[in-house]
Structures are given as C-alpha cells and as structure tokens.
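See structure below.
The values are calculated or read from the model by the stated rules, or taken from the named source; none is laboratory data. Please read these numbers as outputs of a predicted model, since none were measured by experiment. Neighbour counts run over all protein chains shown; Cβ positions are idealised from the backbone, glycine included.
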Amino acid sequence: MHLMILDKEETLPQELLKLQEEFKEVSNAIIANDKENTTEEILDLIQVSVGMLYTKQKTEDMDLEKEINKHNRKLLERGWEFKGKINIKINS
C-alpha cells in the first residue's frame, strides 16, 4: 500500500489553500453523513499533506525520517499509546 508523491510544483502557500479546501470537503461529507465520500475526502486531505511534506523536504532539505521520529517521541512523551502504525518509506 502506498500514497503517491504527485509530479507538481506548488509552493507551501498554494498547498495550504488546497489543504483548506480539502478540510472543508471532509467536514461537509461528515456533516452530511456521506460515508463513502468521507473516506475519499480524508484520503484527499492526506494526499495534500504528503505533498506538503515533500515540498518541505525538497525546498528546505528537511530530513523527513528525523522529523517523523521527533513527532512520534513528542506523542509518546505526552502520554499517548499507539495501537498500530503506518509504515512510510521515502523513495524520491
């Protein structure tokens, strides 16, 4: 299972606008109790987020693996326990 990194050149501000649009679509689908569309819109939201991370990695030379590990440590330090995980392999 994988999510694609789409071949596009957008800035973070452009992607932020898309993220806001997708969030609105997720909200509308949930409010309308549209279960099928809710799943599609959540995946769209995740796809935009993946694109934003890729843009940061590309433009700021960010170490995504290091940042994910830092994020996970933060959650554990806040007392969160995990019940599963999604593996992310960076191929770019």
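Is there a residue being free of Cβ contacts under 8 Å to residues at least 12 places away in the same chain and small (Gly, Ala, Ser) anywhere in region 16-37?
Yes; the residues of region 16-37 include at least one that is free of Cβ contacts under 8 Å to residues at least 12 places away in the same chain and small (Gly, Ala, Ser).
What number goes with the only condition from (1) within 16 Å of the chain's Cα centre (by Cα); (2) surrounded by 11 or more Cβ atoms within 10 Å (Cβ to Cβ); (3) assigned to a helix (DSSP H, G or I) that residue 5 does not pass?
The number of the failed condition is (3).
Show the residue pairs that are 6+ apart or on different chains and have beta-carbon atoms under 7 Å apart, the first residue being within region 68-79 and closer than 17 Å to residue 53 by Cβ, the second being outside any helix (DSSP H, G or I) and aliphatic (A, V, I, L, M).
68/88
Among all residue pairs at least 6 apart or on different chains, which show Cβ distances below 6 Å where the first residue, located in region 38-62, is closer than 16 Å to residue 16 by Cβ and the second is among the β-branched types (Val, Ile, Thr) and at pLDDT 95 or above?
Partner pairs satisfying both residue conditions: 45/26.
Need the failing condition index for residue 62 against (1) surrounded by 13 or more Cβ atoms within 10 Å (Cβ to Cβ); (2) more than 12 Å from the chain's Cα centre (by Cα); (3) assigned to a helix (DSSP H, G or I), just the number.
If we test residue 62 against (1) surrounded by 13 or more Cβ atoms within 10 Å (Cβ to Cβ); (2) more than 12 Å from the chain's Cα centre (by Cα); (3) assigned to a helix (DSSP H, G or I), just (3) comes out false.
Conditions (1) part of a helix (DSSP H, G or I); (2) at pLDDT 95 or above; (3) of a type in the set (Asp, Glu); (4) on the phi > 0 side of the Ramachandran plot, marked per residue:
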position: 21; (1), (2), (3), (4): yes, yes, yes, no
position: 26; (1), (2), (3), (4): yes, yes, no, no
position: 29; (1), (2), (3), (4): yes, yes, no, no
position: 36; (1), (2), (3), (4): yes, no, yes, no
position: 40; (1), (2), (3), (4): yes, yes, yes, no
position: 73; (1), (2), (3), (4): yes, yes, no, no
position: 79; (1), (2), (3), (4): no, yes, no, yes
position: 86; (1), (2), (3), (4): no, no, no, no
position: 91; (1), (2), (3), (4): no, no, no, no
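Any idea which residue in region 8-56 is surrounded by the most Cβ atoms within 10 Å (Cβ to Cβ), counting only those that are closer than 21 Å to residue 89 by Cα and of a type in the set (A, V, I, L, M, F, W, C)?
Step by step, filter region 8-56, then rank; the result is 48.
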